[in-house]
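Enquirer: Take this structure first; my questions come after.
Here, each number is a calculation from the coordinates, and none is a lab measurement. A quick note: this is a predicted structure, and the numbers were derived from the prediction, not measured. Glycine gets a Cβ as well: all are built from the backbone with ideal geometry, and neighbour counts include every protein chain shown.
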Amino acid sequence: MRVLLTGGTGFVGCHTAAAIAAAGHDLRLLVRRPDQVPVSLGPRGVEVTDVVVGDVLDESVVAEAVAGCEAVVHAAAVYSLDPRRGAEVRRTNLRAAEVVLGRAVASGLDPVVHVSTTVALTRYAGSGPDLPLGDIDLPYAQSKIASELVARRLQEAGAPVVTVYPGAVYGPDDPYRGDQGERLRWILTGRFPFWPQGGLHVTDVRDVAAVTAAVLEPDRGPRRYVVPGHHVDGDELYAAFAQATGRRFPHVLVPGRLIGPQSRLLDAVQRRLPARWHLPGDREGVEIVLRDTRVDDTPARTELGVEPTPLVSTIGDTVDGLVGSGRVPGRYAR
């Protein structure tokens, strides 16, 4: 089928494009920067000539992009926990979901795949089979919860919206210098020895792509899948870095009563720094880990046959990607 992909030049998007193409589908991309298409997709061995240039917030552009397609994968989003980008994150992510999902459903596409995040499910009360929404009242989480409400309203009306929930996404070949890669770079170089007490769901970017490609089947109705991954606490994360690299990573797990106020102070400092400087200890990232929410990825394992990549393999490939891209010096190579 012909599949429209938004966000196809991003980290998740470029791997998803490769998985969709490998599954035999025809790809159309909606991008703002066509020059980024070969940069992001070339290393994945994907060549896409069907490209619509424009913004996912522009209804006329989205209508043009949807025309002639049978399915859509909406992976475009602003991912940042930087407090300085809070207003942009809230505004962009919600509006993009409204425009893309709404137009796709109105045009009769099936399925309409919404790439969400487990952050939208992260809550102190824990999760469950019905995947209740999260409770973090900070910009990125709220933007994804609001987007999730758009998708769920369409699902409740019977629209064939399929939601895919990646966790924290690690893996190789990120074409951008995003928040997640920066955080891992700081760990690798020994400049981030503190981690909140708690855990989070970690997924390999290639597993995110595999799940997204696997749900591209029509006539299955509304569905939701957490991408298979690993619930990882700080000790397990640093141990995976140690096992993958053969290096030691001394670290301290900090309880919420201490790291919570520290993260709020860091956010206050962050707001006063130049845009090019980003501190990795964002309050929102801390709040995600402190909630220690375990999510059920069984449906994706059993129905789609996707098993998670071993954590050490994911971390090792992430390290290789950081070294290969020049984002960390060669001395950190495995």
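Enquirer: How would region 1-54 be classified by its alpha-carbon gyration tensor: rounded, prolate or oblate, with rounded meaning a/c under 1.5 and the a/b versus b/c comparison settling the rest? If you can, show how the numbers build up before the last one.
Expert: Numbers: a/c = 1.62, a/b = 1.18, b/c = 1.37.
Oblate is the answer for region 1-54, as a/c is 1.5 or above yet b/c matches or exceeds a/b.
Enquirer: Next up: With 24 Å as the cut-off, how large is the P(r) tail for region 180-309, expressed as percent of Cα-Cα pairs?
Expert: Numbers: 3482 of 8385 pairs.
Considering region 180-309, 42 percent of its Cα-Cα pairs are separated by more than 24 Å.
Enquirer: Taking the Cα centre of region 10-62 as the origin, how large is its charge dipole in debye, to the nearest 20, when only Lys and Arg (+1) and Asp and Glu (-1) carry charge on their Cβ atoms?
Expert: Values: 4 positive and 7 negative charges, 43 e Å.
Charge dipole, region 10-62, about its Cα centre: 200 debye, nearest 20.
Enquirer: Among 257-270, 57-70, how do they line up by average Cβ neighbours within 10 Å per residue, starting with the highest?
Expert: Details: 257-270: 15.1, 57-70: 16.6.
Top of the packing list down: 57-70, 257-270.
Enquirer: With a ≥ b ≥ c the root eigenvalues of the C-alpha gyration tensor of region 43-85, is it rounded (a/c under 1.5), prolate (a/b larger than b/c) or oblate?
Expert: Details: a/c = 2.43, a/b = 1.37, b/c = 1.77.
Oblate.
Enquirer: Can you give me the C-alpha center-to-center distance between region 65-95 and region 163-197, rounded to a whole angstrom?
Expert: Region 65-95 and region 163-197 have Cα centres separated by 20 Å.
Enquirer: Which of the listed residues, Ile187, Leu265, Gly24, is farthest toward the dipole's positive end in the chain, when Lys, Arg count +1 and Asp, Glu count -1 at the beta-carbon?
Expert: The residue sitting farthest along the positive end of the dipole is Leu265.
Enquirer: Please report, in whole Å, how far the alpha carbons of region 88-247 spread along each principal axis, starting with the longest.
Expert: Principal-axis extents of region 88-247 (Cα, largest first): 53, 31, 31 Å.
Enquirer: Right, next: Quick one: putting +1 on the C-beta of Lys and Arg, -1 on the C-beta of Asp and Glu, what dipole do you get for region 1-98 around its Cα centre, in Debye to the nearest 20?
Expert: Numbers: 10 positive and 12 negative charges, 77 e Å.
Dipole of region 1-98, to the nearest 20 debye: 380 debye.
Enquirer: Kindly state, to the nearest 0.05, the FRET efficiency for Ser325 paired with Glu236, given R0 = 30 Å and r defined as their beta-carbon distance. Before the final figure, lay out the partial values.
Expert: Numbers: r = 25 Å, r/R0 = 0.85.
FRET efficiency, Ser325 to Glu236: 0.75.
Enquirer: Applying 1/(1 + (r/R0)^6) with R0 = 22 Å to the Cβ-Cβ distance of Ala63 and Arg33, what FRET efficiency is obtained, to the nearest 0.05? Don't skip to the end; give the middle numbers.
Expert: Values: r = 21 Å, r/R0 = 0.93.
Efficiency, rounded to the nearest 0.05: 0.60.
Enquirer: So what is log10(I(q)/I(0)) for region 154-211 at q = 0.12, 0.26 1/Å, when the Debye sum runs over its Cα atoms only?
Expert: -0.44, -1.15
Enquirer: Additional query: Once label points are set 7 Å from the Cα along Cα→Cβ at both Asp137 and Arg247, what is their separation, rounded to one decimal in nm?
Expert: Going from the Asp137 label point to the Arg247 one covers 4.0 nm.
Enquirer: Restricting to bridges with both residues inside the chain, how much of the DSSP beta-bridge set is antiparallel, in percent to the nearest 5?
Expert: 10 percent
Enquirer: List the pair-distance distribution P(r) of the chain, using every Cα-Cα distance, as the percent of pairs falling in each 10 Å bin from 0 up to the bin containing the longest distance, rounded to whole percents.
Expert: Per 10 Å bin, starting at zero, the Cα-Cα P(r) for the chain comes out as 6, 26, 36, 24, 7, 0 percent.
Enquirer: Shifting gears a bit: Over the chain, with a Gaussian network built from C-alpha contacts below 10 Å, which listed residue (Gly305, Gly13, Gly229) shows the highest mean-square fluctuation?
Expert: Looking only at Gly305, Gly13, Gly229, the biggest GNM fluctuation is shown by Gly305.
Enquirer: Additional query: Compute and list, largest first, the equivalent-ellipsoid semi-axes of region 251-334 from the alpha carbon gyration tensor, each √(5λ) rounded to a whole angstrom. Could the numbers behind the result be given before it?
Expert: Numbers: eigenvalues 170, 111, 31 Å².
The answer is 29, 24, 13 Å, longest axis first.
Enquirer: What FRET efficiency, computed as 1/(1 + (r/R0)^6) with R0 = 22 Å and r the Cβ-Cβ distance, is obtained for Tyr332 and Leu279, rounded to the nearest 0.05?
Expert: Numbers: r = 21 Å, r/R0 = 0.94.
In this case the efficiency is close to 0.60.
Enquirer: Express the Stokes-Einstein translational diffusion coefficient of region 1-90 in µm² s⁻¹, to the nearest whole number, given a Kirkwood radius over alpha-carbon pairs, 4 °C and a viscosity of 1.567 mPa s. Provide the component values of the computation, followed by the final result.
Expert: Working: Rh = 13.4 Å.
Answer from the Stokes-Einstein relation: 96 µm²/s.
Enquirer: If you place +1 on the Cβ of every Lys and Arg, -1 on the Cβ of every Asp and Glu, and leave all else neutral, what size is the dipole of region 101-231 about its Cα centre, to the nearest 20 Debye?
Expert: Working: 13 positive and 14 negative charges, 37 e Å.
That gives a dipole near 180 debye.
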